[in-house]
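Okay, structure first, notes after.
The values are calculated or read from the model by the stated rules, or taken from the named source; none is laboratory data. Computed from a prediction, not measured in an experiment: that's the story for all the values here. Cβ: placed from backbone, ideal geometry, glycine included. Neighbour counts: every protein chain shown. Just so you know, the surface numbers come from the protein's heavy atoms only, side chains and all, with ligands and any DNA or RNA stripped out. Shrake-Rupley method; radii C 1.70, N 1.55, O 1.52, S 1.80 Å.
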Amino acid sequence: MSIKTEDVINIAHLARLAIADENVEGYTSDLSNIMGLVEQMQQTDTKGVEPMAHPLDQVQRLRVDEVLEQDKRELYQSIAPEVEDGLFLVPRVID
Amino acid sequence: MYNDSIKELAAKLQAKQISSVELTDYFLDRINRLDGGLNSVITLNTEGAKKAAVNADKIIAAGDAGILTGIPLLQKDIFCTEGLRTSCGSKMLDNFISPYSATVVEKLNQAGTVMLGKTNMDEFAMGSSNETSFYGSVQNPWDTSLVPGGSSGGSAAAVAARLAPIASGTDTGGSIRQPAAFCGITGIKPTYGLVSRYGMIAFASSLDQGGVMSKSAEDAAIMLEAMVGFDPKDSTSLERPVDDLSADLNKSIKGLTVGLPKEFFADDLDPAIRAKVDEAVDVLKSAGAIIKQISLPNIGLSVPAYYVVAPAECSANLSRFDGVRYGYRCDSPKDLEDLYKRSRGEGFGEEVKRRIMIGAYVLSAGYYDAYYKKAQQVRRLIRNDFIEAFKEVDIIASATAPSVAFGVGAKTDDPVSMYLSDIFTIGVNLAGLPGMSVPCGFVDDKPVGMQLIGNYFNEAKLLNVAHQYQQQTDWHTRVPTGFGQE
């Protein structure tokens, strides 16, 4: 099992990570080594074993649908990179 | 005073031999004088600490003090602290002043503790050496050419150097226990779901758990009890009453059975480490414990399964860092995709990017069954092994780490060799069990830790065994050279 450079470029895009061209080779080798470690799992037969999502097999707790949070928009936006009129600003998406 | 237990400090505070303000100044002064060569604290809370200490002194004067009132501590910088920078060791959050506090922080504030500052850590808790921090590596106080372990390396180094009486940590694959071992201190990670994860910046949500880094098991019991408890704000928090974690500390361990998993004592275990753990097990035996050989047949698959589950969950959790609402944003993005990609590419360090990419890969279309589902199945096999083992024994003992602290830079070019330094600790996280590390001696003047693993909710029993061990040994009282004066 080996990860190829085009895999790295694709994964980086999926994860929205800009990586420098000169680092692609390094990531390819690191990720291949890590996946080599991961592949050791395949030695074990897990047929019929139920996947474990929570150590104590707890399920998601439900709660009453009521408003508990106060409006803290101004506080939250005070640490945002760019805001205007209570909105978060990003580069223009629709021309 | 730097080596006083929490109980001793609380007695001095309540007898008015010292005020919380004086105690706080004392430890702030130690940090200012002694942390230069360690880099264990990345944000000092000087003014906030002084205010909290004044308030604690009022509570003490009114006669309403609890055991933790006025006790200074350090928080790992993964816990959100309202009004104070919470960086998680990352450039991504270098400018993040948290608008709210983690439940753990709230609880410890309510208990009257005084937060001195925030400790250094591997970026987003991803690392085993504290070398991935944006704020630079932490040096091990026993030998500054060595790493302190990670990811809670700052908390471990600070407690070892007695820069604070106690500190918080978090443990996703060994991040409390391994640095505790490397720095010669005590650390406990409780059962998954006992300590609220609200406001604890998420790395791998099904594994992350907060805990304590302390000088002794007795201190750990006191602080952990103040941290645990049901929290409606954390969807994985367990609804169960809080146990009295100090109640069993003085119980005899006569007749207690200690299991030694043969897989953790394999022939390739460093003989010097093995000798120290054997000696520690002998101490338990002399105190009346019964030693049994056991087997955890699937434990060898812990590291491979972990490096699917943890990166997969990390890639999902860290998708929130997008440069839009808070945290780092790149300069002059040309469009939205460029904003996302460069903010994340520039804001995250190399190890975090590697893990996000592994996570994105194992979760990508067509690979789910081969990796994530397989890892979750292996996880159940590992847990089942522990459940079987706990039918025969009360606790499990092993070395905490396969080596003593390694040199700064020794493993940074080889992620897989770094990952394998958590080979004995990761299974506990996959199973969601409580685990501890207690200092059990030195190899070439470097601390060695013994790991103790308990069944679910057996924190009090673990702390009992650790405390009884610490009544017979003095490893936990040792202070590194250069830090053992007032």
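Taking the Cβ of B:Leu420 as the centre, find all other residues whose Cβ is under 10 Å away and add up their charges (Lys, Arg: +1; Asp, Glu: -1).
Taking every Cβ under 10 Å from that of B:Leu420, the sum is -1.
Can you sort B:Arg383, B:Arg478 by 1.4 Å-probe accessible area, starting with the largest?
Accessible-area ranking of B:Arg383, B:Arg478, largest first: B:Arg478, B:Arg383.
Rounded, prolate or oblate: pick one for region B:338-416, where a ≥ b ≥ c are the square roots of the eigenvalues of its C-alpha gyration tensor, a/c under 1.5 means rounded, and failing that, prolate if a/b is larger than b/c, else oblate.
oblate
Rounded to whole Å and ordered largest first, report the semi-axes of the equivalent ellipsoid of the protein assembly as shown derived from its Cα gyration tensor (root of 5λ).
Its equivalent ellipsoid spans semi-axes of 35, 31, 22 Å.
Collect residues whose amide H, placed 1.01 Å from N in the peptide plane, falls under 5 Å from the amide H of B:Ile294; neighbours closer than 5 in sequence don't count.
When sequence neighbours closer than 5 places are left aside, the close amide H contacts are B:Leu260, B:Lys262.
With Cβ to Cβ distances under 13 Å as the rule, what net charge do the other residues near B:Ile294 carry (K, R +1; D, E -1)?
-2
Which stretch or stretches of region B:463-484 have amide N atoms under 13 Å from the point lying 7 Å from B:Lys251's Cα along the Cα→Cβ direction?
Once the point is set 7 Å along Cα→Cβ of B:Lys251, B:463-468 turn out to lie under 13 Å by backbone N, inside region B:463-484.
Share of region B:1-131's accessible area from carbon and sulfur, percent, 1.4 Å?
48
To the nearest 10 square angstrom, how much accessible area does A:Asp45 have with a 1.4 angstrom probe?
120
For region B:397-404, take each phi angle, set θ = phi - 60°, evaluate the Karplus expression 6.51 cos²θ - 1.76 cosθ + 1.60, and give the result in whole Hz per residue in order, putting x for glycine and proline.
The phi angles translate into 10, 6, 6, 6, 9, x, 9, 7 Hz.
Measuring from label point to label point, each 7 Å out along Cα→Cβ, what is the B:Asp335 to B:Ala275 span in nm?
Distance between label points: 6.6 nm.
Rounded if a/c is under 1.5, else prolate if a/b is larger than b/c, else oblate: which is region B:1-99, with a ≥ b ≥ c the root eigenvalues of its Cα gyration tensor?
prolate
Give the angle, between 0 and 90 degrees and rounded to the nearest 10, that separates the Cα long axis of helix A:5-14 from the longest principal axis of the Cα atoms of chain A.
For A:5-14 against chain A, the angle is about 20 degrees.
When the dipole is taken about the Cα centre of region B:303-377, and only Lys, Arg (+1) and Asp, Glu (-1) are charged at their Cβ, what size is it in debye, to the nearest 20?
Result for region B:303-377 is approximately 120 debye, rounded to the nearest 20.
Need one number: buried accessible surface between chains A and B, 1.4 Å probe, both sides summed, DNA, RNA and ligands left out, in Å² to 100.
So the total buried area for this chain pair works out to about 5300 Å².
Going by amide H atoms built from the backbone, whose H comes under 5 Å of the H on B:Asp77, apart from near neighbours?
Amide H to amide H, under 5 Å and 5 or more residues apart or across chains, B:Asp77 pairs with B:Thr119.
So what J values fall out for region A:20-26 if you push phi through Karplus, 6.51 cos²θ - 1.76 cosθ + 1.60 with θ = phi - 60°, rounded to Hz, Gly and Pro as x?
Calculated HN-Hα couplings, in order: 6, 3, 6, 9, 4, 5, x Hz.
Any chance you could look up the accessible area of B:Tyr368 with a 1.4 Å probe, heavy atoms only, rounded to 10 Å²?
110
Which pairs break 27 Å Cα to Cα here: B:Lys411/B:Lys446; B:Lys118/B:Lys373; A:Lys4/B:Lys373?
B:Lys118/B:Lys373
List, in order, the whole-Hz ³J(HN,Hα) value for each residue of region B:146-154 obtained from phi through the Karplus relation with A = 6.51, B = -1.76, C = 1.60 and θ = phi - 60°; use x for Gly and Pro.
10, 6, x, x, x, 8, 7, x, x
Once fully extended, how much extra length lies between B:Arg325 and B:Glu47, figured as 0.36 nm per residue of separation less the alpha-carbon to alpha-carbon distance?
97.3 nm
May I ask you to find the residues of region B:376-413 that are shielded by at least 30 Å² of accessible area once the whole protein assembly is considered instead of their isolated chain (probe 1.4 Å)?
Residues passing the criterion (a loss of at least 30 Å², heavy atoms only) are B:Gln376, B:Gln377, B:Arg379, B:Arg380, B:Leu381, B:Arg383.
Counting alpha carbon pairs within less than 8 Å and at least 6 residues apart, what relative contact order, in whole percent, applies to region B:303-377?
Value for region B:303-377: 46 percent.
Could you give the length gained by full extension between B:Gln485 and B:Asp267, i.e. 0.36 nm per residue of separation minus their alpha carbon distance, to one decimal place?
My answer for the length gained is 74.3 nm.
Give the accessible area for A:Arg16 in Å² (nearest 10); use a 1.4 Å probe, count only protein heavy atoms, and leave out ligands, DNA and RNA.
80
Counting Lys +1, Arg +1, Asp -1, Glu -1, what net charge surrounds B:Arg478 among other residues with beta carbon under 14 Å of its beta carbon?
Cβ neighbours under 14 Å give a net charge of +1.
Sequence-distant or interchain residues sharing an amide H contact under 5 Å with B:Leu146, placed H: which?
B:Asn140, B:Val408
How much length is gained if the chain between B:Asp369 and B:Tyr26 is pulled fully straight, taking 0.36 nm per residue apart and subtracting their Cα-Cα distance, in nm to one decimal?
Going from the current span to full extension adds 117.9 nm.
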